[in-house]
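Report on one structure; see the data block that follows.
Values quoted throughout were computed directly from the atomic coordinates according to the rules given, and no laboratory measurement underlies them. Note that the coordinates shown come from a computational prediction; the quantities given were computed from them, not determined experimentally. For neighbour counting, all protein chains shown are included, and Cβ atoms are generated from backbone atoms with ideal geometry for every residue, glycine included.
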Amino acid sequence: MRMRGPTRQGGALMIEVLVTIVILVIGLLGLMQLQSKLQKSEVESYQRTQALMLAKDMAERIATNRANAASYQIGDPADETSIGGAACPTAVATLGERDLKEWCEGIKGAAELQGAQNVGAMINGRGCVYSLDGGREYQVTVVWQGLTPLTSPDVICGKESPNPYDNGADCVDDKCRRAVSTIVRMGTLPP
């Protein structure tokens, strides 16, 4: 009887190992991309939460100081005036002026610092307060820079020239500007 020696597989095991490594690398790259998208979603959610809190804060300030609600108005719905883009107001002689100064600082993120930089709010935040019907209703709007393009909001607040929300890459035609608004209605109180 003749004994046969071991057969040669010619590297089949090595090919199987390489295919397994390639599949594993593709899966890990997919997980990294998913993680990146989750982080963007988390930032978007954080910014929306901050904007909602700031809009509610200003609505409550206006409702509390209803006798002087007109002093909170920043521009009107037909223009592009907003607060928070440049320097915040410095006047604090009246409650309305102090509230606008504090709100502007909140929009700029002054509540939380990292080194000397404000990081406690939205990216490129702006705020607007418009009188809608001669002092009985006020629209409070907060806008900010989103990370991915969606649709352009239908509010005028923050729509300035040049547009601070167009970065020239994905964010063009105002598609990265985000906005939240609330209405403050002033009831007519009997004398």
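For this structure, a couple of remarks:
- Positive-end residue of Thr188, Gly127, Gly158, charge dipole of the range 89-191 with Cβ unit charges: Thr188
- Helix-only [θ]222 nm of the chain, DSSP H runs n ≥ 4, -39500 (n - 2.57) each, per residue, nearest 500: -12500 deg cm²/dmol
- Spatially near lysine pairs across the chain, Cα under 22 Å, sequence gap of 8 or more or different chains: 10
- For the range 14-77: span of alpha carbons on each principal axis (Å, largest first): 81, 21, 9
- Relative intensity, log₁₀ I(q)/I(0), of the chain from a Debye sum that treats every alpha carbon as a point, q = 0.11, 0.14, 0.19 Å⁻¹: -0.59, -0.83, -1.29
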